[in-house]
Amino acid sequence: MAARRVGVISDTHGLLRPSALAALWGCAPIIHAGDVGDPSIIAALEEIAPLVIVRGNVDRADWAHRLPPNACVEIDGRMIYVLHDIAELDFDPAAAGFHAVVYGHSHRPSAEHKSGVLYLNPGSAGPRRFDLPVTLARLTLAQGVLTPEIIDIGAGQRLSPLAGRGGPRREAPEGR
């Protein structure tokens, strides 16, 4: 089976950058971990690929009431749990059979493994906050393994998803 790419985005807060659309092109599905900010973002992402989306804490307008607070998605036999705020995770994903947990809220990109489960925060793809990078993520699923990649869409650089405490490590530009 060929490798599959899954797009992961969060905290758009009403802004969908052309660089985000370009980074998500060819991904299927796309997961949005909340704080969408505007229904036009949902429509734009759905034009690219099937969309799994959850409601974030700023998604309070009438259109957002149809968004669930969390979602479960199976992709090629891998179970992924999606919510906005990791502090609201109230069960053990490993014991429940999940392979990954996708979340947003903090605007800080991170990818780490705990008890065999990948915890992935794609960071914020919306308006820049403080000194945090503008990022999203891609998951590559090949031979049953989920491999995360954090993409800096604000500067066109790839970030190492497993960087140390100082935040993501910048690597060579990808030429985009």
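Overview of results
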read-out: Hits in the range 131-147 (condition: in contact with a helix residue (DSSP H, G or I) (Cβ under 9 Å, 6 or more places away or on another chain) and free of Cβ contacts under 8 Å to residues at least 12 places away in the same chain); value: none
read-out: Neighbours by Cβ (under 7 Å, 6+ apart or cross-chain): first from the range 101-117, more than 20 Å from Glu74 (Cα to Cα); second crowded, with 21+ Cβ neighbours inside 10 Å and of a type in the set (Val, Ile, Thr); value: Pro109/Thr135; Pro109/Ile150
read-out: Residue that is free of Cβ contacts under 8 Å to residues at least 60 places away in the same chain, closer than 20 Å to Leu139 by Cα and not β-branched (Val, Ile, Thr), where the choices are Ala94, Ala64; value: Ala94
read-out: The range 72-102: number of residues that are in a loop (DSSP other than H, G, I, E, B), of a type in the set (Asp, Glu) and farther than 14 Å from Tyr119 by Cβ; value: 2
read-out: Failed item in (1) surrounded by 19 or more Cβ atoms within 10 Å (Cβ to Cβ); (2) without any contact (Cβ under 8 Å) to a residue 24 or more places away in the chain, with Ala43 passing the rest; value: (1)
read-out: Only one of Arg128, Arg78 that is at pLDDT below 95 and out of contact with any Ser or Thr (no Cβ under 9 Å at 6 or more places or on another chain); value: Arg128
read-out: Failed item in (1) at pLDDT below 95; (2) on the phi > 0 side of the Ramachandran plot, with Gly97 passing the rest; value: (1)
read-out: Candidates Ala64, Ala96, Ala111 - the one that is small (Gly, Ala, Ser) and under 20 Å from Gly14 (Cα atoms); value: Ala64
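The rows are residues; the columns are (1) modelled with pLDDT of 95 or more; (2) surrounded by fewer than 19 Cβ atoms within 10 Å (Cβ to Cβ); (3) assigned to a helix (DSSP H, G or I); (4) out of contact with any Phe, Trp or Tyr (no Cβ under 8 Å at 6 or more places or on another chain).
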residue	(1), (2), (3), (4)
Met1	no, yes, no, yes
Ala20	yes, no, yes, yes
Ala23	yes, no, yes, yes
Gly37	yes, no, no, yes
Glu47	yes, yes, yes, yes
Val52	yes, no, no, yes
Val58	yes, yes, no, yes
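Conditions tested, residue by residue: (1) out of contact with any helix residue (DSSP H, G or I) (no Cβ under 9 Å at 6 or more places or on another chain); (2) within 14 Å of Gly14 (Cβ to Cβ); (3) hydroxyl-bearing (Ser, Thr, Tyr); (4) free of Cβ contacts under 8 Å to residues at least 60 places away in the same chain.
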{"position": "Asp35", "(1), (2), (3), (4)": "yes, yes, no, no"}
{"position": "Pro39", "(1), (2), (3), (4)": "no, yes, no, yes"}
{"position": "Ile53", "(1), (2), (3), (4)": "no, no, no, yes"}
{"position": "Arg60", "(1), (2), (3), (4)": "yes, yes, no, yes"}
{"position": "Pro122", "(1), (2), (3), (4)": "yes, no, no, no"}
{"position": "Arg129", "(1), (2), (3), (4)": "yes, yes, no, yes"}
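The values are calculated or read from the model by the stated rules, or taken from the named source; none is laboratory data. Source: prediction; values computed, not measured. Note that we place each Cβ from the backbone using ideal geometry, even for glycine, and neighbour counts take in every protein chain shown.
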